[in-house]
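S.K.: Okay, handing you the structure first.
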Amino acid sequence: MTAAAMQVLETERLVLRRLTPEDAAFILELLNDPLFLHFVGDKGVRTREDAVEYIRHGPVASYSQHGFGLFLVSLKADGTPIGMCGLLKRAVLEDVDVGFGFLSRYGGNGYATEAAAATVSYGRRLGIRRIVAITAPDNVASGNVLRKIGLHHTQTLPLPGYKEPSLLFTPVDQVTARPDAALRPPSPIAPPPDRRATAG
């Protein structure tokens, strides 16, 4: 299937499409970017083969199971891949959340905000009524992006697999009724959750 056929979204400067195993070289670079490792976490992807497995068992599996997942983000002008952005359904959260990660060298250009805003709009068109986000307390860039797309920090949550609590961002017009409402008890056999959103 061609890249055009895999395309999901297009913004003023970006194209978002489904990831395929052919994107392994880029994913290998992204998942070992210093900012990604610090804010999102170490996925243990060290080779091109590892990257293929990550794509197959992560984004591609999510497309099949949920109809959405993380998408490749590339520049519309020349097709250069710069990051990932998409919707995630984590075992430890009640709601679908928006997540993103970009190569460090593309930071400061508003790409994360542009991609995340389009992704949230896409999710609403899919009928997802409530889309949230989580991020690390020290990830100031991601927090700024989430506020720009209409989310605000409402809770600080302890999540399995993370040493420090996570900040939960929710839509400004939707407030969680109780402190534990956002959490879903994890399955004892569930894999560790994906790390949190980060902005490059």
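S.K.: Given an 8 Å cut-off on Cα distances and at least 6 residues of separation, report the relative contact order of the range 1-154 as a percent.
M.R.: Values: 230 pairs, mean separation 31.0, N = 154.
Over the range 1-154, the number comes to 20 percent.
S.K.: Now for a different question. For K148, go through the aspartates and glutamates and keep the ones whose alpha-carbon is under 13 Å away, minus same-chain ones fewer than eight residues off.
M.R.: Leaving aside aspartates and glutamates fewer than 8 places away in the same chain, those within reach of K148 are E114.
S.K.: Please report, in debye to the nearest 20, how large the charge dipole of the range 107-152 is about its Cα centre when each Lys and Arg carries +1 at its beta carbon and each Asp and Glu carries -1 there.
M.R.: It comes to approximately 320 debye.
S.K.: Could you state the accessible area per residue of the range 73-181 in Å², with a 1.4 Å probe and every protein chain left in place?
M.R.: Per-residue accessible area for the range 73-181 comes out at 44 Å².
S.K.: If you project the alpha carbons of the range 1-141 onto the principal axes, what extent comes out on each, in Å, largest first?
M.R.: 38, 38, 31
S.K.: Highest first, please rank the peptides 107-120, 54-67 by the mean number of other Cβ atoms sitting within 10 Å of their residues.
M.R.: Sorting 107-120, 54-67 by mean packing, highest first, produces 107-120, 54-67.
S.K.: In nm, what is the difference between 0.36 nm times the number of residues separating H38 and R105 and their Cα-Cα distance?
M.R.: Taking H38 through R105 to full extension adds about 22.6 nm, to one decimal.
S.K.: Further question: Amide H neighbours of Q155 under 5 Å, counting only residues 5+ apart in sequence or on other chains, H built in-plane at 1.01 Å?
M.R.: Amide H to amide H, under 5 Å and 5 or more residues apart or across chains, Q155 pairs with L168.
S.K.: How high is the relative contact order of the range 43-114, in percent, counting Cα pairs under 8 Å that sit 6 or more residues apart? Numbers along the way, then the final one.
M.R.: Details: 78 pairs, mean separation 13.2, N = 72.
That works out to 18 percent.
S.K.: Next question, about the same structure. Once you place label points 7 Å from the Cα toward the Cβ at T156 and E94, how far apart are they in nm?
M.R.: According to this spin-label approximation, the distance is 2.1 nm.
S.K.: Could you calculate the FRET efficiency of E12 with V140 from 1/(1 + (r/R0)^6), where r is the beta carbon distance between them and R0 is 22 Å, rounded to 0.05?
M.R.: Calculated transfer efficiency: 0.30.
S.K.: Report the calculated FRET efficiency for R129 and A77 (r = Cβ-Cβ distance, R0 = 30 Å), to the nearest 0.05. Mind dumping the intermediate values first?
M.R.: Details: r = 34 Å, r/R0 = 1.15.
Efficiency for this residue pair is about 0.30.
S.K.: Do you know the relative contact order of the range 4-93, to the nearest whole percent, from alpha carbon pairs under 8 angstrom that are 6+ apart?
M.R.: Computed over the range 4-93, the figure is 29 percent.
S.K.: For the ranges 158-168, 95-105, what's the packing order if you count other beta-carbon atoms within 10 Å of each residue, average per peptide, and put the highest first?
M.R.: In decreasing order of mean packing, 158-168, 95-105 become 95-105, 158-168.
The values are calculated or read from the model by the stated rules, or taken from the named source; none is laboratory data. Keep in mind that what you see is a predicted model, and the values were worked out from it rather than measured. All Cβ positions, glycine included, derive from the backbone under ideal geometry; neighbour counts span all protein chains shown. These accessible areas exclude ligands, DNA and RNA; they are computed on the full protein's heavy atoms, side chains included. Shrake-Rupley method; radii C 1.70, N 1.55, O 1.52, S 1.80 Å.
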